[in-house]
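Take a look at the structure below.
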Amino acid sequence: MHMQTRADLGISRTEVAIIVAIVAIIAAVALPGVWRARMAKNEAGAIASLRMIVAAEIAYASVCGRNRYASSLSTLGVPPAGGTQAFLAAHLAVPAPEHDGFRFTLRQGEGAQVIGSDCNGTPTSTAYYGSAVPTTFGRTGTRSFGVNTAGTIWQNVTAAAPAEPFGAPATPIQ
C-alpha cells in the first residue's frame with residue numbers, strides 16, 4: 001500500500017486563498033496607477049488635438065477663410081476650393097467627435113460676428129472657441145479644456161470646459 005505524500009495531494013484550499021489574496025493586493029495597488037496614467041494620456045491627447053485645431057484655424061484663415069475663422073470642425077475638414085488637403089485630420093473634422101476619452105466642439109467665439117464666406121462659400125466668423133471635455137469625468141480625464149482665437153489653451157478641473165472670457169478658476173496651460 002502506497003502512502004500519499006503532501007506532493008501527491010496538490011495545492012490546498014488555504015494555499016489557493018493565499019494566492020488569490022496576494023493577486024488581489026497587487027491589483028489593488030497597481031490599478032489606480034494604471035487609471036491615472038490612462039487619464040494623463042487622454043488629457044495629453046486632448047491638448048494635442050486642441051493644438052491641431054488651433055493650427056487648422058490659422059491655416060484656414062490664411063488660405064481659405066479670408067482672415068476669418070471656421071465655426072465648425074466639419075468646415076475645417078473640407079479642402080479649400082481646388083485643393084485636396086483638408087485643414088484638420090478626419091478623426092476630428094466631424095460634428096462633436098470623441099477621441100481619446102474626450103468630446104470636442106468648435107463654435108463661434110464670444111462676441112464673434114459672421115462676416116462673409118470662405119473660398120468654399122461657407123460663412124466665416126471673426127473668432128472661434130474650441131473645447132475638449134472628458135466623456136466620463138473622473139474616468140477618462142479630470143480636466144476640461146478650452147481655447148479661442150488667442151491660441152492659449154485653458155483648463156478647468158471640472159466636467160465643464162472653461163468659459164469665455166477666460167479667467168479664474170480656469171488656468172492657462174504652459
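The values are calculated or read from the model by the stated rules, or taken from the named source; none is laboratory data. Please read all numbers here as calculations on a predicted model, not as lab measurements. Here the Cβ is made from the backbone with ideal geometry for all residues, glycine too, and neighbour counts use every protein chain on show. The area values use the complete protein model at the heavy-atom level, side chains included, leaving out ligands, DNA and RNA. Shrake-Rupley method; radii C 1.70, N 1.55, O 1.52, S 1.80 Å.
Restricting attention to the stretch 56-115, which residues are open to solvent by 40 Å² or more (accessible area, probe 1.4 Å) and of a type in the set (Asp, Glu)? Selection gives GLU98, ASP100, GLU110.
Could we say that GLY151 is out of contact with any Cys (no Cβ under 6 Å at 6 or more places or on another chain) and buried (at least 17 other Cβ atoms within 10 Å of the Cβ) here?
Considered against the rule, which asks whether it is out of contact with any Cys (no Cβ under 6 Å at 6 or more places or on another chain) and buried (at least 17 other Cβ atoms within 10 Å of the Cβ), GLY151 comes out as no.
Looking at PHE102, PHE137, PHE166, just one residue is more than 14 Å from the chain's Cα centre (by Cα), on the phi < 0 side of the Ramachandran plot and among the hydrophobic types (A, V, I, L, M, F, W, C), and that residue is PHE166. Does ARG51 qualify as being part of a strand (DSSP E or B), among the basic types (Lys, Arg) and closer than 22 Å to GLY167 by Cβ? No, not satisfied. So PRO165 ticks every box in (1) touching a residue at least 60 places away in the same chain (Cβ under 8 Å); (2) out of contact with any helix residue (DSSP H, G or I) (no Cβ under 6 Å at 6 or more places or on another chain) but one. Which box is left unticked? Unmet for PRO165, out of (1) touching a residue at least 60 places away in the same chain (Cβ under 8 Å); (2) out of contact with any helix residue (DSSP H, G or I) (no Cβ under 6 Å at 6 or more places or on another chain): (1).
Conditions (1) in contact (Cβ under 8 Å) with a residue 40 or more places away in the chain; (2) farther than 30 Å from ARG139 by Cα; (3) not in a helix (DSSP H, G or I), marked per residue:
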{"position": "ILE19", "(1), (2), (3)": "no, no, no"}
{"position": "ALA28", "(1), (2), (3)": "no, no, no"}
{"position": "GLU43", "(1), (2), (3)": "yes, no, no"}
{"position": "LEU106", "(1), (2), (3)": "yes, no, yes"}
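Can we say THR122 is of a type in the set (Ser, Thr, Tyr), within 22 Å of ALA61 (Cα to Cα) and in contact (Cβ under 8 Å) with a residue 40 or more places away in the chain? Yes.
Pairing each residue of the stretch 64-76 that is over 15 Å from GLY109 (Cα atoms) with any residue that is open to solvent by 10 Å² or more (accessible area, probe 1.4 Å) and of a type in the set (S, T, N, Q), provided the two are 6+ apart or on different chains, yields C-beta distances under 7 Å for CYS64/ASN120; THR75/THR122.
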